[in-house]
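Structure first, then comments.
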Amino acid sequence: MKQATSETTTGGLYAFAAYLLWGLFPLYFLTLLPTTPWEVVAWRVLLSLVFCVVALTVTRGWRAFGRIVRQPRLLGWTAAAGILIFVNWTVYLVATLTGHVIEASLGYFINPIVTVLLGVLVLHERLRPAQWTAIGIAVVAVVVIVVGYGQVPWISLLLAFSFGLYGLTKNRVGGSVDAVSGLTLETAWLSPVAVGLLIWVGATSGITAGTAGAAHAVLLLLAGIVTAVPLLLFAAATRRAPLSLIGLLQFLTPILQFATGAFLLHEAMPLERWIGFALVWVALIVLSVDSVRNARRPRGVDDVAEIA
């Protein structure tokens, strides 16, 4: 019992660290200006691949990696995951570097609700009444923002659905692909795209790496580590802590991003945005309370599995 408690505590700390780092991402990426989002995402892909290659070498993970690449089904899922995470990274960087941090935070607030919705649409899961209620409130929140603010929150929706679908692809491979091997394959698939982006940036606006001072160059070189470390912490957390704890801690990321956008960067928060965000927060409270209550209830044959 004591060992299980210790494992849960350790897993909770890993999850907290991962979500804390993700929550601080806007402050890191803003230090990379005047580098464009397209150049940043290209370096992020390539440097993450370098980091993963080093990690596989240090941890002697090449044998496990070799078993994965010999399975076409797993290769297909990692390719799909790579495309989805590329969309997510690109949209997030465009949002952060163009003054839309609050809208990006909304995407990660509604991501848990999108994940539940994908469980219904793709995995044909049955939802409890509280989960349907949370989805309904979230839909109303988006409608309020669209009507009141005068535009569809495309950044939020793209981030929520791309990351939700990314989680779905990871769910499909389960424990067959470890975190480092998975990220290695995902970034390897994306490397030709990243190289193409750098060629395009160089031919248009010009590559900024090494031209904006030593501090900027160092921060840009850290993009691979900054990307990979929270993903590895998150993977370690999911092996130790219950999903109910990880699910509750995940709100730390959008809370920090929202606070950064609203109070540090002073992005606009008109009344309709406050109302929309308030409705999303109500939906998340409903979803979280229901998740905790269901996690504590003994599971019977009629209980329905949920994706995280």
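Among rounded, prolate and oblate, which fits segment 74-168 when a ≥ b ≥ c are the square roots of the eigenvalues of its C-alpha gyration tensor, a/c under 1.5 means rounded, and a/b larger than b/c means prolate? Each step should come with its number before you reach the end.
On the way: a/c = 2.77, a/b = 1.03, b/c = 2.70.
Verdict is oblate for segment 74-168.
Whole number please: convex hull volume per residue of the Cα set in segment 147-301, in Å³?
With only Cα atoms used, segment 147-301 gives 189 Å³ per residue.
How large is the helix-only mean residue ellipticity at 222 nm for the chain, computed as the sum of -39500 (n - 2.57) over DSSP H runs with n ≥ 4, divided by its residue count, in deg cm²/dmol to the nearest 500?
Values: 14 runs with 236 residues, N = 308.
About -25500 deg cm²/dmol.
Jot down the radius of gyration and Dmax of segment 68-108, Cα atoms only, both in angstrom.
Looking at segment 68-108, its Cα Rg and Dmax stand at 14.4, 43 Å.
Please sort 24-36, 100-112 by packing, taking for each peptide the average over its residues of neighbouring beta carbons within 10 angstrom, highest first. Intermediate values should be presented prior to the final figure.
Numbers: 24-36: 17.8, 100-112: 25.2.
Answer by packing, highest mean first, reads 100-112, 24-36.
Residues with amide H under 5 Å of E125's amide H, sequence separation 5 or more or different chain, H placed in the peptide plane at 1.01 Å from N; which?
V120
Report the far tail of the P(r) of segment 16-296, meaning the percent of Cα-Cα pairs longer than 36 Å.
On the way: 6304 of 39340 pairs.
Tail of the P(r) past 36 Å holds 16 percent of the pairs.
Please sort 169-179, 80-90 by packing, taking for each peptide the average over its residues of neighbouring beta carbons within 10 angstrom, highest first.
Taking the mean over residues of other Cβ atoms within 10 Å, the ranking is 80-90, 169-179.
Given segment 194-258, what whole percent of its Cα pairs are spread farther than 13 Å? Spell out each step's value before the answer.
Values: 1577 of 2080 pairs.
When all Cα pairs of segment 194-258 are counted, 76 percent exceed 13 Å.
Report, in debye and to the nearest 20, how large the dipole of the chain comes out about its Cα centre when Lys and Arg carry +1 and Asp and Glu carry -1 on their Cβ. Intermediate results must be reported in sequence, preceding the final value.
On the way: 18 positive and 12 negative charges, 205 e Å.
It works out to roughly 980 debye.
Placing +1 on the Cβ of each Lys and Arg and -1 on the Cβ of each Asp and Glu in the chain, which of I135, V91, N294 has its Cα farthest towards the positive end of the resulting dipole?
N294
FYI, it's all coordinate maths here, none of it is from the lab. As the structure is a computational prediction, the values presented were derived from the model and not from experiment. Backbone-built Cβ (ideal geometry, glycine too); neighbour counts: all protein chains shown.
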